[in-house]
């Protein structure tokens, strides 16, 4: 199965939309692009609906994004958390922590 390249964009409503596969090889470019986008808004909303697959690197990405956004004194929320990513969070005992950021 061919991997779908991960991408991050911001839509006209200021929602950061992540798509494709989040894995060890894709998260750093996505992380760096999101850092640029975080500077544009006070309320950081990340939509994960178009994430096709993820591994633990995807979960690590969300944790780092949360830490970065909070260090900027901005609000943070997640939308459309993929089931696969939530299962990884459960295995890492981070599911309750993640759930508080899901709208």
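Do we find a residue being crowded, with 17+ Cβ neighbours inside 10 Å, in contact with a strand residue (DSSP E or B) (Cβ under 7 Å, 6 or more places away or on another chain) and under 23 Å from residue 87 (Cβ atoms) anywhere in the range 4-11?
We begin by selecting, within the range 4-11, every residue crowded, with 17+ Cβ neighbours inside 10 Å; these are 6, 8, 10.
Those still in the list that are in contact with a strand residue (DSSP E or B) (Cβ under 7 Å, 6 or more places away or on another chain) too: 6, 8, 10.
Add one more test, that the residue is under 23 Å from residue 87 (Cβ atoms), and what stays is 6, 8.
Scanning the range 4-11 turns up at least one residue that is crowded, with 17+ Cβ neighbours inside 10 Å, in contact with a strand residue (DSSP E or B) (Cβ under 7 Å, 6 or more places away or on another chain) and under 23 Å from residue 87 (Cβ atoms).
Being under 16 Å from residue 99 (Cα atoms) and free of Cβ contacts under 8 Å to residues at least 24 places away in the same chain is the filter here; which residues of the range 47-84 pass it? Those that are under 16 Å from residue 99 (Cα atoms) and free of Cβ contacts under 8 Å to residues at least 24 places away in the same chain: 67, 83. Can you list residue pairs whose Cβ atoms sit under 7 Å apart, with the first residue in the range 13-32 being touching a residue at least 60 places away in the same chain (Cβ under 8 Å) and the second being assigned to a strand (DSSP E or B) and surrounded by 13 or more Cβ atoms within 10 Å (Cβ to Cβ)? Count only pairs 6 or more apart in sequence or on different chains. Sorted first by the residue in the range 13-32, then by its partner, the pairs are 15/45; 15/47; 22/51; 22/54.
Exactly one residue among 32, 73 is part of a helix (DSSP H, G or I) and more than 11 Å from the chain's Cα centre (by Cα), and that residue is 32.
More than 10 Å from the chain's Cα centre (by Cα), without any contact (Cβ under 8 Å) to a residue 60 or more places away in the chain and in a strand (DSSP E or B): which single residue out of 88, 44 fits that description?
44
Can you confirm whether the range 9-28 contains a residue that is touching a helix residue (DSSP H, G or I) at 6+ places or on another chain (Cβ under 6 Å) and in a helix (DSSP H, G or I)? There is at least one residue in the range 9-28 that is touching a helix residue (DSSP H, G or I) at 6+ places or on another chain (Cβ under 6 Å) and in a helix (DSSP H, G or I).
Does residue 63 meet the test of being in contact with a helix residue (DSSP H, G or I) (Cβ under 9 Å, 6 or more places away or on another chain), assigned to a helix (DSSP H, G or I), modelled with pLDDT of 95 or more and over 24 Å from residue 4 (Cβ atoms)? For residue 63, the condition - in contact with a helix residue (DSSP H, G or I) (Cβ under 9 Å, 6 or more places away or on another chain), assigned to a helix (DSSP H, G or I), modelled with pLDDT of 95 or more and over 24 Å from residue 4 (Cβ atoms) - is not met. Scanning the range 73-89 for residues that are touching a helix residue (DSSP H, G or I) at 6+ places or on another chain (Cβ under 9 Å) and surrounded by fewer than 14 Cβ atoms within 10 Å (Cβ to Cβ) yields 75, 87.
The values are calculated or read from the model by the stated rules, or taken from the named source; none is laboratory data. Since this is a predicted model, take the numbers as computed values, not measurements. Here Cβ is always computed from backbone atoms with ideal geometry, including for glycine, and neighbour counts include all displayed protein chains.
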